[in-house]
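Reviewing the structure listed below.
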Amino acid sequence: MRPLPTPQRMYQALLEKDPACDGVFVVGVSTTGIFCRPTCPARKPKRQNVEFFPTAADALKAGFRPCKRCHPMDTHRTPPGWVVDLCDRLERNPSVPIRERDLRDLSLDPSTVRRYFKSNYGMTFTAYQRAMRLGQSLADIRSGNTESAATHKSGYESASGFRDAFSRLFGHPPGQSDNLACLKARWLDTPLGAMLAVATEAGLCLLEFVDRRALETEIGDLRRIFSATIVPGASDHLDETESQLDLYFKGKQQSFSVPLDTPGTDFQRAVWQQLTRIPLGETVSYAKMADDVDRPGAQRAVGRANGQNRVAIIIPCHRVIRADGNPGGYGGGLWRKQWLLHHERCMIEGKPLAPDSLWTEHPPQEVVTSR
Ligand SMILES: [Zn+2]
């Protein structure tokens, strides 16, 4: 992938509507949940409210919607009419999935649709739909507002479309949740991109990057496990998570004391517990983890339980790597795992921290060694 300019340079290009940067990056605006080309004619957002992405697909996956004025999804070639129609249809009502049969009813060939989205937007049509749906459902969590304010502010023409999208993901729509157990959710902006935090009365039960593929499944699991609906709201655990995470990213906090509420099987809980014992700045192999939880040889099972961890960073599953030093996988994306390991090593060694903003194309590429 091509490297991105520095965040300062990108923000300057945004203010100047620099045509040379069109197609180099897109910018997500946290206050509106919309993303734009750098050349968008709309009023420019404040620096603290923007997040830069290398491609429109990345912005979409992080829960932003394309701007209606500058059409950042369009490649420089004008997309065919059927693509525009399809995207419009989806945006009007993202909670209604468009399946292969529906495409055929629209006289479209599903494989053509799949190929077009894949080659132009870097994701399949199914992934595009999922990103739209998730983005719309997350809109009110991002704004942190009550139902009426959220539906209004998020700017969706159809409030019912919003309610459908929300209820599909989080349970009952906001405003209808008085008699149900409620988990509280908050949107957190971090240097590695937006995260969703969810807490029960007892503690934090989810902390995930909003573009993680498994997020929808995890949210569904939580709703089932706790028989609860998820609503944006206030919680001491969320306040604590937000402030500790902020200090962690600033390099000023090396461990977390937020109470956790992480139901799972005995084995999962043993693995997650063991993860919290890996000191900051260190890594262990899957094999050592298996030994540590008294299941020698069960690297694969450990890997699975690791991947099922719903509390990223605080339960540091990023500190487990392969025995040969290969970082292995990470649900939040490998670049984030590398960034986190690098960040933690800098904290321990008192080195300057990674720059405040992402640059996903440049994860620190040092050799990671295992104990
Ligand atoms: Zn725009």
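Some observations on this one:
- Of all residues in the range 27-38, those that are at pLDDT 90 or above and either more than 10 Å from the ligand (Cβ to nearest atom) or over 22 Å from residue 122 (Cα atoms) (or both) total 1.
- Against the test of being within 30 Å of residue 246 (Cβ to Cβ), of a type in the set (Gly, Ala, Ser) and assigned to a helix (DSSP H, G or I), the options 301, 305 yield a single qualifying residue, 305.
- In the set (1) out of contact with any helix residue (DSSP H, G or I) (no Cβ under 9 Å at 6 or more places or on another chain); (2) surrounded by 20 or more Cβ atoms within 10 Å (Cβ to Cβ), the condition left unmet by residue 88 is number (2).
- Positions within the range 26-50 being in contact with a helix residue (DSSP H, G or I) (Cβ under 8 Å, 6 or more places away or on another chain) and not in a loop (DSSP other than H, G, I, E, B), in sequence order: 26, 27, 28, 29, 35, 47, 50
- Residue in the range 89-103 that is within 11 Å of the ligand (Cβ to nearest atom) and either under 27 Å from residue 195 (Cα atoms) or in contact with a strand residue (DSSP E or B) (Cβ under 6 Å, 6 or more places away or on another chain) (or both) present: no
- Residue selected from the range 47-76 under the condition more than 15 Å from the ligand (Cβ to nearest atom) and more than 22 Å from the chain's Cα centre (by Cα), by the criterion farthest from residue 94 (Cα to Cα): 76
- A Cβ distance below 6 Å, combined with a sequence gap of six or more or placement on separate chains, defines the contacts here; from the range 36-63, residues that are under 26 Å from residue 130 (Cβ atoms) reach residues that are of a type in the set (S, T, N, Q) and within 14 Å of the ligand (Cβ to nearest atom) in the pairs 49/31.
- The range 239-263 - residue that is polar (S, T, N, Q) and assigned to a loop (DSSP other than H, G, I, E, B) and, of those, surrounded by the most Cβ atoms within 10 Å (Cβ to Cβ): 262
The values are calculated or read from the model by the stated rules, or taken from the named source; none is laboratory data. What you are looking at is a predicted structure, and each value in this text was computed from that prediction instead of being measured. Cβ coordinates were reconstructed from backbone atoms using ideal geometry, including for glycine residues, and neighbour counts include every protein chain displayed.
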